[in-house]
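To keep things clear, I will list the structure first and then write my remarks on it.
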Amino acid sequence: MDYLPHIDLFLRALRINKERLASKSKIAVDAKLLRHLLQVLAEAAPFSEEFYLEANPDIAEAHARGDIENLRAHFVEHGYFEGRPGAPPPVNETFYTSTYRDVADAVKRGDVKSGAEHYLRSGASEARIPSPQLKGEIETWVTVLRDEAAR
């Protein structure tokens, strides 16, 4: 990202002041602004064309037909909002299956091939932690998102 608008521009668009931003009150956010902010976050996320094509056969077919030229742009504009991951998740199998006994059991039963498959299918949307390196970051997001949902 080469440009980040000044905070005052965001605050004017949200029709709030800095004090309100620091409060715990709810604010209405224009959907177009929210979508753009989410796209900026998606743009900063890891992305692998090879993985995106492999994980999404429908995208691979559309890309082969020429319907989708820029895979990263598709991810940012559509894929992220459809819940498609842009890159392979950094799952530490030992950590993940020892942390989540239900996943270890599912792998043993053959319900999923691996912890990584589980994480792709449902673990990410459940805010499960795929590796020790991401623990703090995920816990921070979960806290912020939980605080927002509880309001």
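Here are some notes:
- Across the chain, the relative contact order, built from alpha-carbon pairs under 8 Å that are at least six residues apart, equals 16 percent.
- Which of Lys135, Lys18 has the fewest Cβ neighbours within 10 Å, and the rest in rising order: Lys18, Lys135
- Across the stretch 45-87, Cα pairs under 8 Å and at least six residues apart give a relative contact order of 51 percent.
- Along its principal axes, the stretch 53-121 has C-alpha extents of 42, 20, 16 angstrom, given from the largest down.
- Residue order, fewest to most beta carbons within 10 Å, for Glu117, Glu137: Glu137, Glu117
- Per-residue Cβ neighbour rank within 10 angstrom, fewest leading, Leu37, Leu53: Leu37, Leu53
- Placing unit charges on each Cβ (+1 for Lys and Arg, -1 for Asp and Glu) gives the chain a dipole about its Cα centre, and among Gly86, Pro132, Ala31 the Cα reaching farthest toward its positive end belongs to Ala31.
- Rel. contact order, % - alpha carbon contacts under 8 angstrom, at least six apart, the stretch 62-151: 22 percent
- Taking 16 Å as the cut-off, the amide N atoms of the stretch 70-89 that come nearer than this to a point 7 Å along the Cα-to-beta-carbon line of Ser114 belong to 87-89.
- Distance from the C-alpha centroid of the stretch 114-137 to that of the stretch 14-52: 22 Å, rounded to the whole angstrom.
- Restricting the stretch 86-131 to trypsin sites (Lys or Arg not before Pro) that sit in a DSSP loop and have at most 10 other Cβ atoms within 10 Å of their own Cβ leaves Lys113.
- The value for the stretch 1-70 of Rg(Cα) / (2.2 N^0.38 Å) is 1.62.
- Over all other residues within a Cβ to Cβ distance under 11 Å of Leu37, the charged ones net out to 0, with Lys and Arg as +1 and Asp and Glu as -1.
- Applying a DSSP loop filter and a limit of 12 other Cβ atoms within 10 Å to the GluC sites (Glu not before Pro) in the stretch 1-109 leaves Glu69.
- With 5 Å bins beginning at zero, the pair-distance distribution over Cα atoms of the chain amounts to 2, 8, 13, 15, 17, 16, 12, 9, 5, 2, 0 %.
- Lysines whose Cα lies under 30 Å from that of Lys24, excluding same-chain neighbours fewer than 8 positions away: Lys32, Lys135
Any read-out appearing in this document is the output of simple, stated calculations on the displayed coordinates, not a laboratory observation. Nothing here was measured: the structure is a model prediction, and the numbers come from that model. Glycine gets a Cβ as well: all are built from the backbone with ideal geometry, and neighbour counts include every protein chain shown.
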